[in-house]
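To keep things clear, I will list the structure first and then write my remarks on it.
The values are calculated or read from the model by the stated rules, or taken from the named source; none is laboratory data. Values in this document were obtained by computation on a predicted structure and should not be read as measured data. Cβ coordinates were reconstructed from backbone atoms using ideal geometry, including for glycine residues, and neighbour counts include every protein chain displayed. Just the protein is used for accessible areas: all its heavy atoms, side chains included, with ligands, DNA and RNA removed. Shrake-Rupley method; radii C 1.70, N 1.55, O 1.52, S 1.80 Å.
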Amino acid sequence: MIDRSPHAAHVKQLADGAFGYVQPDGSWFINNCGFLDADGHAVLIDTCATERRTRALLSAVGDTAGPVTTLINTHHHGDHTNGNYLVAGATVVGHRKTREALLADGIQRYEGVFSDSDWGKLELRVPDLVFDDTVTIYAGQTRIDLIHPGHAAHTTNDILVWLPEQRLLYAGDLVFNGGSPFALMGSVAGWRAALNVIRELDPAVILPGHGPVCGLEAVDTVDDYLEFVQRAAETGKAAGRSPLEQAKATDPGRFAELTEQERLAGNLHRAYAELDGGQWGAPLDLVAPLKDMLAWNGGPIRCFS
């Protein structure tokens, strides 16, 4: 049995003064966070989906690096932002579109889509300091470059948190390690282009948004999966199949080992829209893709948050 409880999370040192907070098993709403020791206070990268998980995160950060004074959000999804409100006194930094998306959407619990979630008490808190392209901040003497790829990828507002001196990348959900990438709210093609930004940085160590610490081999797997989605979409469109029909007809091949297989149905909705000429990251009605994911799964999706 896999222990997916908050107690299973562990702190892993990734470089001098830089840490990952890794939550097994990286499935729906179980994300990774990062933090930096800035001489008695901490810079935190993302919070968690639930109250109890974020409280456990903050306890671990406090024990290792002290109180959080700066919080960076890698994108707007709730598994990375729902706990923002618990980081009292910290300045929250994020992309301009992260702030806009959170204000527009609020706290999302996806009632009827996921089962077994224990959200606890949640309050909306959005970034205080926003940027559009890149910005540099410091944790003590450690330089941190925040980089938006310039277009939609996993979402419209992903940022990379890059420590150039340590060659350490906090990738957010631009990298999944062991789980199926999910492009419904971003762009399949744009995500593939964003992966080239990561390759150009040439990190030695990557903390993915979900799954174990990894290297560039995980970037290649994400790219290969997204190409697989594009090819499946081309086949489905040519055969006149709906995204759900194509998802059911597609042999996952070597990607069968990835978790969250139902994401293929959602990803195909985005890939179909791009084949029809849709812009990267253009808004989609999420009702049909979510219904297709439920149909593929045969009911509500198990969530261990």
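Points worth noting:
- Per residue value of the accessible surface for region 179-305 (all protein chains in place, 1.4 Å probe), Å²: 42 Å²
- Residue among L226, L14, L122 with the largest mean-square fluctuation in a Gaussian network model of the chain, springs linking Cα atoms under 10 Å: L122
- Protection proxy ranking, highest mean first, for peptides 281-289, 95-103: 95-103, 281-289, where packing is the per-residue count of other beta-carbon atoms within 10 Å, averaged.
- Largest to smallest in accessible area, the residues D46, D202 fall in the order D202, D46 (1.4 Å probe, all protein chains included).
- Taking a straight line from the alpha carbon of K237, these aspartates and glutamates sit under 18 Å away, with near neighbours fewer than eight places off in the same chain left out: E227, E245, D251, E274, D276, D292.
- Straight-distance crosslink candidates among aspartates and glutamates, where the alpha carbon sits under 19 Å from K121 and sequence neighbours closer than 8 are dropped: D46, E51, D79, D105, E111
- With the helix formula -39500 (n - 2.57) applied to DSSP H stretches of n ≥ 4, the chain reaches a computed 222 nm mean residue ellipticity of -10000 deg cm²/dmol.
- Distance from the Cα centroid of region 30-94 to that of region 133-163 is 16 Å (rounded to whole angstrom).
- Its residue count N fixes a reference of 2.2 N^0.38 Å for region 161-305, and the Cα radius of gyration divided by that reference is 1.06.
- E123 - accessible surface, heavy atoms, 1.4 Å probe, Å² rounded to 10: 80 Å²
- Length-normalised contact order of region 1-107 in % [C-alpha pairs under 8 Å, at least 6 apart]: 20 percent
- Between 0 and 90°, nearest 10: helix 51-65 axis offset from the chain longest Cα axis: 40 degrees
- Comparing Q108, Q13, Q141 in a Gaussian network model of the chain where C-alpha atoms under 10 Å apart are linked, the largest mean-square fluctuation is found at Q141.
- Altogether, the Stokes-Einstein calculation at 4 °C and 1.567 mPa s, with the Kirkwood radius of region 142-220 over Cα pairs as Rh, returns a diffusion coefficient of 106 µm²/s.
- Prolate/oblate/rounded label for region 123-181 (Cα gyration tensor, a/c 1.5): oblate
- For the chain, the longest principal axis of the C-alpha atoms and the axis of helix 188-201 are separated by about 40°.
- Contact order normalised by residue count of region 45-113, Cα under 8 Å, 6+ apart, percent: 35 percent
- The heavy atoms of I301 present about 10 square angstrom of accessible area, all protein chains included, probe 1.4 Å.
- Most fluctuating residue given options H210, H76, H41, as computed from a GNM of the chain linking Cα atoms under 10 Å: H41
- Cα long-axis angle, helix 287-297 against the chain (0 to 90 degrees, to the nearest 10): 80 degrees
- Label point of R302 set 7 angstrom out along Cα-Cβ; within region 79-121, amide nitrogens under 12 Å from it belong to 115-116.
- With a Förster radius of 25 Å applied to the C-beta separation of L129 and A104, the computed FRET efficiency comes to 0.85.
- Nonlocal amide H pairs with I72, under 5 Å, H built at 1.01 Å: L44, I45, D46, V93
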